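Below: the structure, in structure tokens.
The values are calculated or read from the model by the stated rules, or taken from the named source; none is laboratory data. What you are looking at is a predicted structure, and each value in this text was computed from that prediction instead of being measured. Glycine gets a Cβ as well: all are built from the backbone with ideal geometry, and neighbour counts include every protein chain shown. Note: accessible area is taken over every heavy atom of the protein model, side chains too, but ligands, DNA and RNA are not part of it. Shrake-Rupley method; radii C 1.70, N 1.55, O 1.52, S 1.80 Å.
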Amino acid sequence: VLSRLGHMSYDVVGAQILQTGIPASKANLIATTEVSVASLAESVMLGVAIMANDVSHFGFLAMLSLLSVVGAAWLFCRWLVNPTDVQRSLFSFDPQF
């Protein structure tokens, strides 16, 4: 159970941000878009798994995974660098941190 604590906490924080940071009028659109992007990502992962199904492809798959995580972190940091007024009202942006 403890090994999943970080993952579960991340999911709870993500859900909280989505629930508080999105206007009610756009909640359905955001939720639908999120499910669509997640389904597309699952399809891409399935395609990669079908094409790279040999042990010799492990290095390529590990590098692809690393690049995906780095790319997501970069996009998230870019999003944090330019907060909107709504984000400023929801979250504290203290320049000392």
ask   = How much of the calculated P(r) for the range 1-94 lies past 17 Å, in percent of all Cα pairs?
value = 70 percent
ask   = Rounded to the nearest 0.05, what FRET efficiency do VAL86 and ALA41 have when you use their Cβ-Cβ distance and R0 = 41 Å?
value = 0.95
Expected 222 nm ellipticity per residue - DSSP helices of 4 or more, -39500 (n - 2.57), all of the chain, to 500 = -25000 deg cm²/dmol
query = Hey, with R₀ at 22 Å, roughly what FRET efficiency would LEU75 and ILE22 work out to, going by the Cβ-Cβ distance, to 0.05?
reply = 0.75
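If r is the Cβ-Cβ distance from ALA31 to SER9 and R0 is 22 Å, what FRET efficiency results, to the nearest 0.05? Intermediate results must be reported in sequence, preceding the final value.
Working: r = 21 Å, r/R0 = 0.96.
Computed FRET efficiency for ALA31 and SER9: 0.55.
How much accessible area per residue does the chain have, counting only protein heavy atoms and a probe of 1.4 Å, in square angstrom?
Ligands and nucleic acids excluded, the result is 87 Å² per residue.
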